[in-house]
Amino acid sequence: MTQQPKTSTAPASEPPKKRGVPRRNLLFGGAAASLGALAGAATLLPGGKDQGELPPSSMAIHGSATVPFYGVRQAGISTDAQSHANFVALELNPDLPADRIKALLKLLTDDAARLTQGRGALADTEVELAASPARLTVTFGFGPRLVELVNPAQKPAWLKPLPAFSVDKLRPEFNDGDLLLQICSDDPVSVAHAQRMMLKDARSFASVKWVQQGFRRAHGTENPGTTMRNLFGQVDGTANPQPDTGWHEDVVWGREEIAPWLENGTSLVIRRIEMNLDTWDELDRPGRDASVGRRMDNGAPLTGTNEHDEPDFEALNSSGFPVIEDFAHMRRARPENPVERIFRRGYNYDGQPAAGDISGSGLIFASYQADVQKQFTPIQKRLDELDMLNMWTVPTGSAVFAIPPGCAEGGFIGEQLFT
């Protein structure tokens, strides 16, 4: 978890002038960096440090842990992020009437309610695979077409594709969708089984449009509350609003300036972002720090000492230049308008490299906020205009979903659209 950064209610200043930075200024001879990396790696070699392994009898078993399914809000949003996630987008069959969509949602709600509590879905032929949910959650999201088919008057203005950005190279196999299933657990077997059971029940109503699989550190690898790292090695999400705080409540679930589309509902933007680790390898440590505005070792801003120190964007170095440059990712992402905040719950992915590359990695950027247009889009526009990380990242997928409220036992997800 991260602490709440300070916000400013002062009017936004004029955007800084774009200052291009020659790539060669961020690069330096790799020999010195390689020697430092080897020296650090020596402490991780066998015999370099006591690993402190626990005997098998002392290992904690967490497979039986469950997250409640029923409630006024869906689980899997403010829930502490699990280690594994599958994002599954379905495309409804042509001319599917509203009553059939209702039947689909009832069926999938029942599946999710059972599976998340360690019980097999109806007609589950591998019920043993459901017995260890390991904090399994299933979160439903609605695309524009589903809402239009059921209740067009309920469709929020922001429920549509994002504006075109110059950095995008979107691929249709990772875009849009009518119904999203976000399936998360600390155990990948539980994720795979839940996905299969729900797709079996959905196949008469819809087809799979895309599946994106993501991961974080395995459960128990790090202390609870540790900020995740993406595959660039950077801490990712330091400024996230902590669940169970008023700030998180406002950002995700809405307030006067950013009212939710439905009470206890929110929105989800999913961006699939390719990360070019092969060219990222050309950067030395100071160059990597400068591109983000944070130190890679502990995530501290370049003007601070610890990860959660407030950055000083006015600080200058001995040459009179900003310590945190205008092009730094954290400076572009940090809003001056406190309304422009999001809650990120992203996952890494690692796929087959393209020909000639050695990595096929990236980030499934999952952003929750009450209103996409007021909160997410302004941030993305600033990143599109000037963000040094754009040299190593390419968005290849984009989708926007309306997240409905939760439901009580006996109800179903999305029932508000049918009343």
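Size check on segment 236-322: the Cα extents along the three principal axes, sorted descending, read 50, 32, 21 Å. Here the dipole of the chain is about 540 debye; that uses its Cα centre as origin and unit charges on the Cβ of Lys and Arg (positive) and Asp and Glu (negative).
Applying 0.36 nm per residue to the separation of SER319 and ASP350 and subtracting their alpha-carbon distance, the gain on full extension is 7.1 nm.
Efficiency by 1/(1 + (r/R0)^6): what FRET value for THR125 and GLU310, r their Cβ-Cβ distance, R0 = 56 Å, to the nearest 0.05?
The pair THR125/GLU310 has a calculated efficiency of 0.55.
Cα centroid separation, segment 285-320 to segment 397-419: 41 Å.
Spin-label model, VAL189/VAL72: points 7 Å from Cα along the beta carbon direction are separated by 3.8 nm.
Taking the chain as a Gaussian network of alpha-carbon nodes connected by springs under 10 Å, the highest mean-square fluctuation of the residues GLY237, GLY246, GLY397 belongs to GLY246.
Converting phi to 3J(HN,Hα) with the Karplus coefficients 6.51, -1.76 and 1.60 and the offset θ = phi - 60°, segment 315-328 yields 5, 10, 8, 5, 8, x, 9, x, 5, 9, 5, 4, 7, 5 Hz in sequence order, with x at every glycine or proline. Segment 235-271 and segment 163-202 have their alpha-carbon centroids 21 Å apart.
Think of the chain as a dipole: +1 on every Lys or Arg Cβ, -1 on every Asp or Glu Cβ, centred on the Cα centre; then among GLY177, SER64, THR305, GLY177 lies furthest on the positive end. Rg and Dmax, both from the Cα atoms of segment 93-216 and both in Å, are 15.9, 48. Helix hunt in the chain: which complete DSSP H runs extend at least 20 Å axially by C-alpha with mean Kyte-Doolittle at least 0.0? The answer, listed by residue number, is 98-115, 188-202.
Checking the cross-link pairs LYS102/LYS374; LYS160/LYS381; LYS106/LYS200; LYS209/LYS374; LYS106/LYS155; LYS102/LYS209 against a 24 Å limit on the alpha carbon distance flags LYS102/LYS374; LYS209/LYS374 as lying beyond it.
Mind ranking LEU129, LEU92 by accessible surface for me, highest first, 1.4 Å probe?
Sorted descending by solvent-accessible area, the residues read LEU129, LEU92.
Using the beta-carbon distance between GLU263 and MET296 and R0 = 35 Å, what value does 1/(1 + (r/R0)^6) give for FRET efficiency, to the nearest 0.05? FRET efficiency, GLU263 to MET296: 0.25. Accessible area of PHE232 (1.4 Å probe, protein heavy atoms only, ligands and nucleic acids ignored): about 10 Å². Look at the dipole of segment 216-369 built from charges on Cβ: of THR266, GLY356, PHE232, the Cα furthest out on the positive end belongs to GLY356.
Based on alpha-carbon atoms only, what is the radius of gyration of segment 376-419 relative to the globular estimate 2.2 N^0.38 Å? Don't jump to the answer; show the numbers that get you there.
Values: Rg = 18.1 Å, N = 44, 2.2 N^0.38 = 9.3 Å.
Compactness ratio reported: 1.95.
Temperature 4 °C, viscosity 1.567 mPa s: under these conditions the Stokes-Einstein estimate for segment 307-419, based on its Kirkwood radius over C-alpha pairs, is 73 µm² per second. Here the chain exposes an accessible surface that is 53 percent carbon and sulfur, computed with a 1.4 Å probe and the other protein chains kept in place.
Classify segment 140-285: rounded, prolate or oblate, from the alpha-carbon gyration tensor (a ≥ b ≥ c, eigenvalue square roots; a/c under 1.5 rounded; otherwise prolate if a/b is larger than b/c)? Since a/c stays below 1.5, the shape of segment 140-285 is classed as rounded. Over the chain, the Kirkwood radius and the radius of gyration, each from Cα atoms, give a ratio Rg/Rh of 0.98.
In deg cm²/dmol and to the nearest 500, what is the mean residue ellipticity at 222 nm of the chain if only DSSP H runs of at least 4 residues count, each as -39500 (n - 2.57), divided by the residue total? Rounded to the nearest 500, the figure is -6000 deg cm²/dmol.
The values are calculated or read from the model by the stated rules, or taken from the named source; none is laboratory data. No experiment lies behind these values; they were computed from the predicted model shown. Every residue, glycine as well, gets a Cβ built from its backbone with ideal geometry; the counts of neighbours run over all protein chains shown. Note: areas computed on protein heavy atoms with side chains; ligands, DNA, RNA excluded. Shrake-Rupley method; radii C 1.70, N 1.55, O 1.52, S 1.80 Å.
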